[in-house]
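Taken together, the values in this text are just the output of simple stated rules run on the coordinates, not laboratory data. Everything numeric in this text was worked out from a predicted model, so none of it was measured. No Cβ is skipped: glycine too gets one built from the backbone with ideal geometry, and neighbour counts run over all protein chains shown.
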Amino acid sequence: MLQRRKTGERKRLRLGTYPYTYARVSAMRGKLIKKDDYIRLLRMDTSSIIKFLEETEYKASIDRLSPKYKGVELAERALSDNMVRTAAKLKEISKVEVVALIDAYLKRWDVYNIKTILRGKNKQLNAEGLLIPLGSLQETQLKELMSLPTVSEILKRLKAKGYAVDAAHFEKTKELGLVENQLDRDFYYTTMRFAEQIPEEGEQFRRFLKMEIDIVNMRNLLKLKRANAGQENTMQHLIPAGLHIHEQQLRRMAAARNTEELISHLKATKYGALFEKQASLVDIELALDKYWLQQAQLYSHQKPLSVQTILAYLLAKDIEMRNLRAIVRGKQLGLQESFIEQKLLI
């Protein structure tokens, strides 16, 4: 049965330094795809990309999946499978208290998977190939959700298991946007409560999450303002718990009359430099993602023996998966190499 882990427990975790784990993570980071490799991959067709990946950490996943899948589907499933293997390896080389932190971080994938299932069901599409069982929901549990006949039934099941979703609202509006934001809020608030159980490293983890919330809020503001959403509707899709952009600022931004006015407000924040030279909203969103990755990596270099090193690696691995997917899908769609390259997070 689909069950949700209890989050109300307040057992405090004490994190130390773990030279063995950090050394292993450093070695794993060294095997990430390099910028020059991405440039080479952009010039390859799908079969050549798969052959390239067979010479990397993706070999085991490709070997396991190649009897069943081919081409783009093989590449995408191998990327997801490798991400799951990577998370399992990190847990194997970590102490129990570090595993608890990794698990808390990886619950974001529960949100990703639930959203993917909901979107697929809403459009009557099979989303199984897009699922990445990295969080607390195992593959069998995700398939159980997928087997339910309607979005409403899925939401009712999630509600019964403790997820903060409003099934009644969806019944009235048939809009998934608010449901997705409720899932995001639930993840961030629950994870920050978990961080409160960690005396010292918990503050670093909270800052990590709060900066991510700022990035999520800025992306949502841009998307909603582009759709001419009003202030109250926009506020329903924001999370007033960021690091540098607080609720009062979010309300002013949500009340902006248009995208230009919103960007003017954003330029006045600590993230202002990200909005100075971008030519389009797509470029701005890409700049936000790049900034988030850079900040996570910078912090891990400044504190190489903190658990932030592990979280930064997980983020970098996630970005690698997204980059490789973008290349494979771009090739499938016949997009220009220069266009695909602009969308990569390197």
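Of the trypsin sites (Lys or Arg not before Pro) found in the range 214-320, those that fall in a DSSP loop while having at most 11 other beta-carbon atoms within 10 Å are R257, K270, K277. Distance between the 7 Å Cα→Cβ label points at S264 and A164: 3.3 nm.
Using helices alone, what [θ] at 222 nm do you get for the chain, with -39,500 (n - 2.57) per DSSP H run of 4 or more residues, divided over all residues and rounded to the nearest 500? Theoretical 222 nm ellipticity from helices: -21000 deg cm²/dmol.
Summing Cβ point charges (Lys, Arg +1; Asp, Glu -1) relative to the Cα centre of the chain gives a dipole of roughly 400 debye. Projecting the Cα atoms of I117, T190, L315 onto the charge dipole of the chain (Cβ charges, centred on the Cα centre) puts T190 farthest toward the positive pole. Only helices reaching 20 angstrom along their own axis (Cα) with mean Kyte-Doolittle hydropathy no lower than 0.0 count here, and for the DSSP H runs of the chain these are 308-333.
Given labels modelled 7 Å from the Cα in the Cβ direction, how far is it in nm from Q236 to L148? Once both label points are built, they end up 2.0 nm from each other. Loop-located GluC sites (Glu not before Pro) in the range 22-118 (DSSP state not H, G, I, E or B) with no more than 15 neighbouring Cβ atoms inside 10 Å: E54, E55. Under the shape rule built on the C-alpha gyration tensor, where the axes satisfy a ≥ b ≥ c, the range 179-229 is oblate, since a/c reaches at least 1.5 while a/b does not exceed b/c. Projecting the Cα atoms of M211, V98, I49 onto the charge dipole of the chain, computed from C-beta unit charges around the Cα centre, puts V98 farthest toward the positive end. Does the range 202-346 come out rounded, prolate or oblate by the C-alpha gyration tensor, with a ≥ b ≥ c the root eigenvalues, rounded set by a/c under 1.5 and, if not, prolate when a/b is larger than b/c and oblate if not? Verdict is oblate for the range 202-346. The range 253-289 to the range 125-191: how many Å between their Cα centroids? First find each Cα centre; the distance between them is then 30 Å. Segment R325..R12, full-extension length gain: 108.8 nm, with 0.36 nm per residue of separation and the alpha-carbon distance subtracted. If the chain linking R64 and A227 were pulled fully straight, counting 0.36 nm for each residue of separation and taking away their Cα-Cα distance, it would gain 54.3 nm. Mind running the shape call on the range 1-149? Use the C-alpha gyration tensor, a ≥ b ≥ c as the square roots of the eigenvalues: rounded below 1.5 for a/c, prolate if a/b tops b/c, oblate otherwise. Since a/c reaches 1.5 but b/c is at least a/b, the shape of the range 1-149 is classed as oblate.
Full extension of the chain segment joining Y189 with S280 gains 29.6 nm, where the gain is 0.36 nm per residue of separation less the Cα-Cα distance.
What is the list of residues in the range 202-230 whose amide nitrogen lies under 19 Å from a point 7 angstrom out from the Cα of N181, following Cα to Cβ? It comes to 210-230, nothing else.
Note on E73 and K172: with the Förster distance fixed at 30 Å, the Cβ-Cβ geometry gives a FRET efficiency of about 0.20.
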